[in-house]
Structure formats: C-alpha cells, structure tokens
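A.B. asks: This structure is in structure tokens; I'll ask about it shortly.
The values are calculated or read from the model by the stated rules, or taken from the named source; none is laboratory data. Bear in mind the structure is a predicted one, so any value in this text is a computation, not a measurement. Neighbour counts are summed over all protein chains in view; Cβ atoms, including those assigned to glycine, are modelled from backbone coordinates with ideal geometry. We work out accessible area using only protein heavy atoms, side chains counted, and drop any ligands, DNA or RNA first. Shrake-Rupley method; radii C 1.70, N 1.55, O 1.52, S 1.80 Å.
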Amino acid sequence: MKFFFALLCFLLVVVSLGKYSHKDKAGNKEKIYQESDFVHLVGKKFVENSDQKELDETTFSSSDVPDGTRIVRPGVRITKDFRPERVNVFLNEEGVASSVQLG
C-alpha cells in the first residue's frame, strides 16, 4: 500500500514538472510555462540593462523573460528550493545561455 501511495505521489510530481500555471499579483491566471517556451534563448548572449535598440537576434535581456527569472552565471550558488513558476537561465563563461530550466 505504501508503495502505491509513493508511486502515485511520484507520478503527480513528474506530471506537474515542466509546466505551471502562474498567477499575477491580482490573482489572474497567466500563461502556463514550459521549458520549450524558452529554448529560443539558448545560444543567445545575455545583455544587462540594455535598450531595446541594442538587442538583436543573437542577444536577450531581462525584458525577454518573465519577472522572477534567475539568470545564473558560472560559479554562482543558487538555492535548491523548487518553484515551478520560476525560470532559470544558465549562462556560460561568455554570458551566452547554455540551458533553461523551470524550478
């Protein structure tokens, strides 16, 4: 019985990973995010505090990702708490996005 309960819990967690229905401050339901929504960032260089005029198809800025997104640089420690609505963009040494994960 414990095995089936544990299996059910595991399956519920796995199914919920990868997408999340985010609510804004007013409680309105926003977009359901999936990692595939941000794959287009991989290979682009992160530009901090830029004007939209400076951006092109090879760059992105914080305005291109949802509020609360973590831009993670090499060697930076991050918390391991899981927040399904949070987008994590991992940069390489050159500041180029190498991967994107939810959580």
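A.B. asks: So what does E93 come to for accessible area, using a 1.4 Å probe and Å² rounded to 10?
C.D. replies: Rounded to the nearest 10, the figure is 150 Å².
A.B. asks: Taking the Cβ-Cβ separation of Q34 and E54 as r and a Förster radius of 25 Å, what is the calculated FRET efficiency to the nearest 0.05?
C.D. replies: 0.30
A.B. asks: Run the numbers for V76 and S99: contour at 0.36 nm per residue of separation, minus the present Cα-Cα distance, in nm.
C.D. replies: Using 0.36 nm per residue and subtracting the Cα-Cα distance, I get 6.8 nm.
A.B. asks: Using a 1.4 angstrom probe on the protein heavy atoms only, could you order E35, E94, E57 from most to least accessible area?
C.D. replies: E57, E94, E35
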